[in-house]
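Step one of this worksheet: look at the structure below.
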């Protein structure tokens, strides 16, 4: 298992934290019972209920599994589509240079 950087840890009442590069996080909560949710792009969300007593300290580790769902910012077909677009543009530029007789273009 490897630590997940920048996962978001949040409570239902809006308190939140983010993990550091080594997967460490810290939340300071008042006494009470809290539902804690962990969210990280590309991973299945995990939820835990925690009871906090005054003056106590607790350590909770979360083990997130990959969700197998593409990250919304990077749809599954985005990279091949961008590569195809870049190749098409490069070919168009090369074709224009050949037609214009630009220096360095084949005769």
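Tabulated data for the structure shown
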{"quantity": "Residue match in the range 75-83 (condition: farther than 30 Å from residue 37 by Cα, modelled with pLDDT under 75 and outside the structural domain of residue 29 (by TED's automatic domain parsing))", "calculated": "yes"}
{"quantity": "Spans of strands (runs of 3 or more DSSP E) in the range 1-62 with at least 3 residues at pLDDT 90 or above and under 24 Å from the mean Cα position of the chain (by Cα)", "calculated": "8-11, 32-39, 46-52"}
{"quantity": "Residue within the range 75-95 that is part of a loop (DSSP other than H, G, I, E, B) and touching a strand residue (DSSP E or B) at 6+ places or on another chain (Cβ under 7 Å) present", "calculated": "no"}
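The values are calculated or read from the model by the stated rules, or taken from the named source; none is laboratory data. Computed from a predicted model, the values in this text were never measured in an experiment. Because the Cβ atoms are built from the backbone with ideal geometry, glycine has one as well, and the counts that use them run over all protein chains shown.
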